[in-house]
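These notes concern the structure reproduced below.
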Amino acid sequence: MTINNPQKEVQERVLPLIKECFENNLKSVILYGSAATGSFSSKYSDINLLILPEQNNYNSLMEFGKKGKKIIKKYRITTLVLSVDDFINSADVFPMEYHDIADRHITIFGDDIVEKLSITRTNIRHQLEERLRGLSNQIKQSIINSGGSRITLRANMRFIPVAVKTILRAALRLKGIKAEVLQGEMVFSEAEKVFGADLSGCLKLTGKDKEKDIFTLAAVLLTGIDKITSVIDSMDN
């Protein structure tokens, strides 16, 4: 299905259902990610919605899941549902994700609760280092589990570029760069300049070029991730 204007589709097709299910408890609905910018792709992108009721109400969740089953599937909607207090108070736990929401969001109903978030540099750095080290371990485990098979390793690492891009955006923000304006491969090239890390093989991990040695690409990426981790680890809070 082709979606040319995700914001319009959400406002006309999805928001009425959300309001019906959450009723007066609903305080805010926020569209975020690529659907809130010019980088949305009907073929590849999901529509990300942050739904913020005043209080948690699990009956509302069940109603929305039941009544919205078809429309959620049709528009590939991914929801994040938190009470207003839970959202604000969890900024120290999910600073990378919330920073990304803050940079790329449109309030389509109610108040812009995102403005109330307090995201500290310390929390971002700590979560970023945890993600980097976790990604490094994931790649190492994929290499081991491949049993020496290039096909298996390529399959195991097909989601790595997406994870790397998310981490690089956070790393660039920590260095004072507005990563939200960077699209596609620009994120990787900018990170290479800022951190002096070779990330050239990342997007080739899922490619079809059989001449590329997937094990070599994985090794190069690991070296680049370790380089970025070292820089982040040495940064002051």
I'd like to check something: does the stretch 10-19 contain any residue that is closer than 30 Å to residue 177 by Cβ and under 22 Å from the mean Cα position of the chain (by Cα)?
yes
Specify the residue that is modelled with the lowest pLDDT; the eligible residues are those in the stretch 165-207 that are basic (Lys, Arg) and assigned to a helix (DSSP H, G or I).
204
Condition first: farther than 16 Å from residue 97 by Cα, assigned to a strand (DSSP E or B) and out of contact with any Lys or Arg (no Cβ under 7 Å at 6 or more places or on another chain). Now tell me which residues in the stretch 24-48 satisfy that.
27, 28, 29
Right, residue 90: surrounded by fewer than 16 Cβ atoms within 10 Å (Cβ to Cβ) and more than 20 Å from the chain's Cα centre (by Cα) or not?
no
Would you please name the residue that is modelled with the lowest pLDDT, looking only at residues in the stretch 137-163 that are within 18 Å of the chain's Cα centre (by Cα) and farther than 24 Å from residue 35 by Cα?
157
Only one residue in 92, 100 is in a loop (DSSP other than H, G, I, E, B) and either in contact (Cβ under 8 Å) with a residue 24 or more places away in the chain or of a type outside the set (Val, Ile, Thr) (or both), so which one is that?
92
Close pairs (9 angstrom Cβ cut-off, 6 or more residues apart or separate chains): in the same structural domain as residue 78 (by TED's automatic domain parsing) in the stretch 8-33, basic (Lys, Arg) and not in a helix (DSSP H, G or I) anywhere
32/104; 33/104
Could you please let me know if residue 78 is in a strand (DSSP E or B), in contact with an Asp or Glu (Cβ under 6 Å, 6 or more places away or on another chain) and under 18 Å from residue 34 (Cα atoms)?
yes
Quickly run through the stretch 121-148 and pick out the residues that are among the polar types (S, T, N, Q) and either part of a helix (DSSP H, G or I) or not assigned by TED's automatic domain parsing to the domain that holds residue 171 (or both).
122, 123, 127, 136, 137, 138, 141, 142, 145
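The values are calculated or read from the model by the stated rules, or taken from the named source; none is laboratory data. These numbers come from a predicted model, not from an experiment. A quick note on method: Cβ atoms are made from the backbone with ideal geometry, for glycine too, and the neighbour counts reach across all protein chains shown.
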